[in-house]
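Scroll down for the structure; my scribbles are underneath it.
The values are calculated or read from the model by the stated rules, or taken from the named source; none is laboratory data. Here the structure is a predicted model, which means the values were calculated and not measured. Here the Cβ positions follow ideal geometry from the backbone for every residue, glycine too, while neighbour counts run over all protein chains shown. With ligands, DNA and RNA removed, areas are computed over all heavy atoms of the protein, side chains included. Shrake-Rupley method; radii C 1.70, N 1.55, O 1.52, S 1.80 Å.
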Amino acid sequence: MQYTINSKEPVEVIWNKYIDQSYQPISSPFTVESNRIILKRAAPKVAGAYQVIVRNSHGENRQNLRINIKPRRRQQRKSVKITIEPNEVTIEPGEKTVVKCHVKGARKYRLTWKNDANDTSLSHYQQGNDLIIAPIDDTPGGTMNFKCQVDVSGQSKSHHASVPITIRDGKKK
C-alpha cells in the first residue's frame, strides 16, 4: 500500500495491528518505508485491523484500515487414488457382473473404461463409474484386461487402475 504525507518537517510513521484488544507494532510480514508499507507474503495470519499514525511537531493523524486475505484457489494437488472392485473377475456366458471404479482425491473428473484386448466381441458398457459385463453364448473364452482411466480437471496426467476379466469359453461344441 502506498500513501502520501505532506509535511515541511520530519515525520514519524508508526504502523500497528489490532491484536488482543489493543494496537501493537507490526512484525516481520511487512517492510515499512517512508511512503509505503509492503506486505512480503499474504497469509491468513496477516489479515486484520491496522492503524497508521503519522506524527510531527504539530500533532498526529491516525488512519485505520482492514486487510483481508482471500485464499488462492489451488488446483487439486492431492493424490488421486483409483481402486477397482472386485479386483479380479471370472464370468461365464449368460451371466452379468458389475465392476466398480472408485475415485478418491478428485472432485471433477472424467472416467472411461477401456478394453486393452483386440477382441471387442465381449458385450460390455459403462454406466457412471461402473463397467457392466454380460458375455453372450458365442463370446470366446480368455482373459482381457480392462482399464479404468480417470482424467482429473486441471491435471495433465491420467490415473489408471486395471482389472483382469476372464471369460470361460462359451462356444458350443
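Sorted from largest to smallest, which semi-axis lengths in Å does the alpha carbon gyration tensor of the chain give for its equivalent ellipsoid, taking the root of 5 times each eigenvalue?
Semi-axes, largest first: 71, 13, 10 Å.
Could you do me a favour and compute the accessible area per residue for the chain, 1.4 Å probe, result in Å²?
Ligands and nucleic acids excluded, the figure is 70 Å² per residue.
Along the positive direction of the dipole of the range 18-73 (beta-carbon charges: Lys, Arg +1; Asp, Glu -1; about the Cα centre), which of L65, A42, F30 reaches farthest?
Towards the positive end, the residue furthest out is A42.
Starting from the Cα of I136, step 7 Å along the direction of its Cβ; do the same at R41; then give the gap between the two resulting points in nm.
Label at I136, label at R41, 6.4 nm between them.
Over 26 Å between C-alpha atoms is what I'm after, so list which of K70/K157; K45/K157; K45/K78; K40/K81; K40/K157 land there.
K70/K157; K45/K157; K40/K81; K40/K157
Quick one: compute the contact order of the chain, relative version, from alpha carbon pairs under 8 angstrom and 6+ residues apart, as a percent.
For the chain, the relative contact order is 18 percent.
Only bridges with both residues in the chain count here: give the DSSP antiparallel percent, nearest 5.
95 percent
Could you pull out every residue, at least 5 positions away or on a different chain, whose amide H is within less than 5 Å of the one on A161? Hs are placed 1.01 Å off N in the peptide plane, and Pro or chain starts have none.
C148
Under a 5 Å amide H to amide H cut-off, with H placed in plane at 1.01 Å, what residues pair with S123 once short-range neighbours are removed?
So S123 has HN proximity to A134, I136.
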